[in-house]
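**Student:** Dumping the structure here so I can ask a few things about it.
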């Protein structure tokens with residue numbers, strides 16, 4: 001009987017002496033595994049899928065916010081019909097969840113209309129295009145149209161002191177540098 005009690009006690013000690021986070025860590029996958037499982041891939045591959053689907057080239061901003069990111073992924077959401085199809089680039093930091101920035105692009109004809117209650121400010125981009133700055137569900141968003149696409153630059157509100165509306169406008173204007181380069185080449 002003492003031997004059975006001793007074995008049971010030893011088993012309980014081994015079972016309950018393991019750190020509880022060891023079980024949690026086993027169930028979590030790194031971003032490199034999680035994001036591809038939900039349709040993300042390299043930005044280049046996703047952009048290529050998007051361009052092929054809509055038979056039109058896509059230009060992305062050359063700049064990103066000057067906060068740290070550990071990962072970036074792209075995804076082309078190809079749903080039923082073209083109305084809900086869009087391209088997305090996501091920049092994240094696995095140690096700083098507030099460092100979350102994304103770009104979504106969809107055809108102008110299927111744009112997401114701005115709700116008046118979300119609009120905070122209007123800006124004019126270098127090329128004369130107007131841009132709308134909004135607050136939507138924990139994000140600050142700059143929305144503008146260019147070359148048949150609606151671009152939306154999303155930044156987590158928790159970094160709004162570092163990534164201001166003017167920073168998002170500068171990022172939007174960095175698309176112009178790509179156009180100038182193409183026109184000269």
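**Student:** Would you please report the Å³ per residue occupied by the convex hull of the alpha carbon atoms in region 103-158?
**Tutor:** Details: hull volume 4.7 nm³, N = 56.
Each residue corresponds to 84 Å³ of Cα convex hull volume.
**Student:** With r as the distance between the Cβ atoms of residue 72 and residue 120 and R0 = 25 Å, compute the FRET efficiency 1/(1 + (r/R0)^6) and round to 0.05. Please report the intermediate quantities before stating the final value.
**Tutor:** Details: r = 26 Å, r/R0 = 1.06.
Between residue 120 and residue 72 the formula returns 0.40.
**Student:** Sticking with this one: Over the residues of region 31-184, compute the C-alpha Rg and express it relative to 2.2 N^0.38 Å. Please list the in-between numbers first.
**Tutor:** Details: Rg = 15.1 Å, N = 154, 2.2 N^0.38 = 14.9 Å.
It is 1.01.
**Student:** Multiply the residue gap between residue 44 and residue 32 by 0.36 nm, knock off their C-alpha separation, and tell me the result in nm, one decimal place.
**Tutor:** Extending this stretch completely gives an extra 2.7 nm.
**Student:** So for each of 85-93, 161-169 I average, over its residues, the number of other beta carbons within 10 Å; can you give me the resulting order with the highest mean first? Write down the numbers at each step before the final one.
**Tutor:** Values: 85-93: 20.0, 161-169: 16.8.
Sorting 85-93, 161-169 by mean packing, highest first, produces 85-93, 161-169.
**Student:** While we're on this one: What number, in percent, do you get for the relative contact order of region 116-172 if the mean sequence gap of Cα pairs under 8 Å and at least 6 apart is divided by its residue count? Numbers along the way, then the final one.
**Tutor:** On the way: 84 pairs, mean separation 13.9, N = 57.
Relative contact order comes out at 24 percent.
No lab work stands behind these numbers, since they all come straight from the coordinates. Quick caveat: nothing in here was measured; it's all calculated off a predicted structure. Cβ sites come from the backbone with ideal geometry, for glycine too, and all protein chains shown count toward neighbours.
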